[in-house]
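> Mind looking over this structure? Questions follow.
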Amino acid sequence: MEWHACLDEYEKLVIRMSTPRVVIDNAVCPTATLVKVDSARRHGILLDAVQVLTDLNLSIKKAYISSDGQWFMDVFHVTDLNGNKLTDESVISYIEQSLETTDPDRSHEFDGLTALELTGTDRVGLLSEVFAVLADLQCNVVDAKVWTHNGRIASLIYVKDCNSGSPIEDSQQIDRIEARLRNVLKGDNDIRSAKTSVSMAVTHTERRLHQMMFADRDYDRKPILQHKVDLPVVTVQNWVERGYSVVNVQCKDRTKLLFDVVCTLTDMQYVVFHATINTTGDKAYQEFYIRHSDGTPISSEPERQRVIQCLQAAVERRAYEGVRLELCTVDRQALLADVTRTFRENGLNVTRAEISTTRDMALNVFYVTDAIGNLADPKTIEAVRQKIGLGKLKVKELPLVYQEKAEREEQAVGVGGTVLLSLGSIVRRNLYNLGLIKSYS
């Protein structure tokens, strides 16, 4: 009996050592909530912590990461997207419970759905063709995310059978779906790299998208357009005396930036031993001290260049290119096929998409450009809205370049001149889209 009692205490100790300890503090910092995590170190634990916070759309303003020996310690300074500290007790409790679990990567959000993974060469109208095929095959799209980068596309689409509402498990139907989608992705010139797969296993969607684009080697492809601004600056140097490789990332700050960088380092089998994250204004500064999982630093120039390329790609994949269009309407069969066909018929290219349904409502976000990746003509956007429904499709967050273009045009014609798209009209249009004024004309 005495032996069993000792064994029980030992098991308790193991559980205590392997379970993260989480403290959430609103008293120390006047501008942010501190989330402190300590735990026994294991591969991927930093990513797990960052994933929990970013899935709640929290902004990580600062972070200090340290891993000494076999122990891991984190301090995150977080706010909501409005820059406020966390005060909702349900959110705080959720963070504590999620960070203390040992398997945060397992999501039950998509239980009962079939996951479709697609990668291939991006082109105008591709998404329209994909959704048309799914509608024809009686697949109801419940949720989806679509990323494009350097001329490549990766998409994770969750579907169920339109008639039964159940996941698609029939092997013949799965084969038909894969074959039809593969033909769409191949087009005329992508016979080798187009890939489709159907799975019942659900992983973290955005992590999986990073993995899909990494496997597709999007980082090693030349961008189609060269007009991008605010490109991320990534440097990698070795600290020989301490046996670390030091990675610095500087770029424009945005939500989920830290997740994208840490996700890529983790999936490339690097371990983050120490890190400092800081933001100043709209700029983010991240420094990581990393080694391979076997304890060695980066050992060659090709490897160093590969890390730089992969991290730049990880930051750029989620870049918001184009006009943000938000669709909110009653869900119905073939809705996405009809909406994206309207985009295609008007020469709009979807650079990113986030599809979701809540009960019987479709809540979708699209980022669109013109056919060659330039700014879409506002007249085209309005024509599309007229076709789909002004009350259903709203314009949100017009890119800053639209405002800069308007300012240049305003200066060119003079203060008293007539400007087709002035800064004032942009503001009035946004107020109209938000329902705050009745007309922007």
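> Within region 38-52, can you find the residues that are assigned to a strand (DSSP E or B) and surrounded by fewer than 16 Cβ atoms within 10 Å (Cβ to Cβ)?
Across region 38-52, the qualifying residues are Asp38, Ala40.
> So Glu169 passes all but one of these: (1) under 29 Å from Tyr320 (Cα atoms); (2) in contact with a Ser or Thr (Cβ under 8 Å, 6 or more places away or on another chain). Which condition number does it fail?
(1)
> Counting only residues that are open to solvent by less than 40 Å² (accessible area, probe 1.4 Å) and in a strand (DSSP E or B), which one in region 18-37 is nearest to Asp68 (Cα to Cα)?
Val37
> Inside region 248-278, can you point out the residues that are open to solvent by 10 Å² or more (accessible area, probe 1.4 Å), touching a Phe, Trp or Tyr at 6+ places or on another chain (Cβ under 7 Å) and over 21 Å from Gln211 (Cβ atoms)?
Hits for region 248-278 are Gln250, Phe273, His274, Thr276, Asn278.
> Next question. From (1) assigned to a loop (DSSP other than H, G, I, E, B); (2) at pLDDT 95 or above; (3) not hydrophobic (A, V, I, L, M, F, W, C), pick out the condition that doesn't hold for Lys145.
(1)
> With respect to the numbered conditions (1) within 28 Å of Ala194 (Cα to Cα); (2) touching a residue at least 60 places away in the same chain (Cβ under 8 Å), which one is the sole condition not fulfilled by Val247?
Checking Val247 against (1) within 28 Å of Ala194 (Cα to Cα); (2) touching a residue at least 60 places away in the same chain (Cβ under 8 Å), the one that fails is (1).
> Also, I was wondering about something else. Taking region 135-155 on its own, how many of its residues are surrounded by fewer than 23 Cβ atoms within 10 Å (Cβ to Cβ) and of a type in the set (A, V, I, L, M)?
So the count comes out to 3.
> How many of the residues in region 156-166 are surrounded by fewer than 17 Cβ atoms within 10 Å (Cβ to Cβ) and on the phi < 0 side of the Ramachandran plot?
4
Yes/no per residue for (1) farther than 30 Å from Gln269 by Cα; (2) among the small types (Gly, Ala, Ser); (3) out of contact with any Asp or Glu (no Cβ under 7 Å at 6 or more places or on another chain):
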position	(1), (2), (3)
Pro302	no, no, yes
Leu311	no, no, yes
Ala319	no, yes, yes
Leu327	yes, no, yes
Leu336	yes, no, yes
Arg344	yes, no, yes
Arg352	no, no, yes
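> So, one more: Kindly provide the set of residues from region 279-329 that are farther than 30 Å from Thr351 by Cβ and open to solvent by 70 Å² or more (accessible area, probe 1.4 Å), ordered by number.
Ser293, Asp294, Ser299, Glu301, Pro302
> Further, regarding this structure: With the checklist (1) open to solvent by 20 Å² or more (accessible area, probe 1.4 Å); (2) in contact with a helix residue (DSSP H, G or I) (Cβ under 9 Å, 6 or more places away or on another chain); (3) farther than 30 Å from Lys145 by Cα in hand, flag the one item Ser245 doesn't pass.
(1)
> Just name the residue that is farthest from Trp147 (Cα to Cα) out of those in region 185-218 that are assigned to a helix (DSSP H, G or I) and either open to solvent by 20 Å² or more (accessible area, probe 1.4 Å) or at pLDDT below 85 (or both).
Only one residue fits best here, namely Lys186.
The values are calculated or read from the model by the stated rules, or taken from the named source; none is laboratory data. Owing to the predicted nature of the structure, the values given are computational and were not obtained by experimental measurement. Cβ coordinates were reconstructed from backbone atoms using ideal geometry, including for glycine residues, and neighbour counts include every protein chain displayed. Side chains included, ligands, DNA and RNA excluded: accessible areas come from the protein's heavy atoms. Shrake-Rupley method; radii C 1.70, N 1.55, O 1.52, S 1.80 Å.
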